[in-house]
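The values are calculated or read from the model by the stated rules, or taken from the named source; none is laboratory data. Everything quoted here is computed from the prediction, not taken from an experiment. Note that each Cβ is placed from the backbone with ideal geometry, even for glycine, and that neighbours are counted across all protein chains shown. Remember, those area values only see protein heavy atoms, side chains included, never the ligands or the DNA or RNA. Shrake-Rupley method; radii C 1.70, N 1.55, O 1.52, S 1.80 Å.
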Amino acid sequence: MIAVRRAIEQLLTRMFRSRVGVALALGVVVVGVIGTTRLVAGAEEPGSGLSNRPERPITTVHPTVGDDGLIDTRSPTPVTRPGEATPEQITDRFVTAWRGQPGMTAERWHAGLRPLATPALAEQLAGVDPVDVPTGEVADTATVTARSETVVEARVPFDTGRLRLELVAPDGRWRVDAVDWEQG
């Protein structure tokens, strides 16, 4: 009996010292865990086994009450003070002033942009020479996308690139707050 016990111990010691032995032992453990899990959960039931997918979609919003979450998935609608120009109108006016006219002085160019821009943007444009401003022919109508009730982005395609404007209206009066040129 002692001799058999020593022979088994030596066999197990040699087996666990080799890579093949360790791999076989791990395989037996994995198969045992999977088999036990299937026996406990029942392999033929939907949603059983190792899958944690639900049988039906999880709904978190009552169909008649609506969504009370913090993130609003509806598209925002820009708010314009009665009697004031819409974001689309300000965009068109700004693009016309931005393009200027041949031989226009810098002072006249700035005067045309100032009422359409926020004070911060008007200050940034104060040192800009209109000769250096990229323009061209307007290739298509402007696309205005509302980001919130008081912020919209307008993209105006030119034949030489695209003018991107950010308009803000904290008080319902739309003004251009940022200008960017995308080379095209």
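For the reader, a short list of remarks on this structure follows.
- Any hit, region 168-178, residues being open to solvent by less than 50 Å² (accessible area, probe 1.4 Å), of a type in the set (Phe, Trp, Tyr) and farther than 19 Å from Glu84 by Cβ: no
- From the list Gly127, Gly136, the one residue that fits, being surrounded by fewer than 17 Cβ atoms within 10 Å (Cβ to Cβ), at positive phi and not in a strand (DSSP E or B), is Gly136.
Each row is one residue, and each column tells you yes or no for (1) touching a helix residue (DSSP H, G or I) at 6+ places or on another chain (Cβ under 8 Å); (2) over 14 Å from Val95 (Cβ atoms).
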residue	(1), (2)
Glu149	no, yes
Val152	yes, yes
Asp159	no, no
Arg162	no, no
Val168	no, yes
Asp171	no, yes
Val179	yes, no
Glu182	no, yes
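- Looking across region 104-124 at every residue that is assigned to a loop (DSSP other than H, G, I, E, B) and at pLDDT below 90, the one that is most open to solvent (accessible area, probe 1.4 Å) is identified as Thr105.
- Hits in region 156-184 - residues which are in a strand (DSSP E or B), charged (D, E, K, R) and closer than 19 Å to Val79 by Cα: Glu166, Arg175, Asp177
- Just one of the numbered conditions (1) modelled with pLDDT of 75 or more; (2) out of contact with any Phe, Trp or Tyr (no Cβ under 8 Å at 6 or more places or on another chain) is not true of Ala43: (1).
- A Cβ distance below 8 Å, combined with a sequence gap of six or more or placement on separate chains, defines the contacts here; from region 1-18, residues that are at positive phi reach no residue that is part of a helix (DSSP H, G or I) and not basic (Lys, Arg).
- Residue in region 92-102 that is assigned to a loop (DSSP other than H, G, I, E, B), modelled with pLDDT of 65 or more and surrounded by fewer than 15 Cβ atoms within 10 Å (Cβ to Cβ) present: yes
- Filtered residues of region 140-154 (kept if open to solvent by 70 Å² or more (accessible area, probe 1.4 Å) and either in contact (Cβ under 8 Å) with a residue 24 or more places away in the chain or in contact with a Phe, Trp or Tyr (Cβ under 7 Å, 6 or more places away or on another chain) (or both)): Arg147, Glu149
- Restricting region 59-91 to residues that are among the aliphatic types (A, V, I, L, M) and at pLDDT below 85, the residue that is farthest from the chain's Cα centre (by Cα): Val65
- Among the residues of region 132-147, those identified as under 16 Å from His110 (Cα atoms) and either in contact with a helix residue (DSSP H, G or I) (Cβ under 8 Å, 6 or more places away or on another chain) or small (Gly, Ala, Ser) (or both) are Val133, Thr135.
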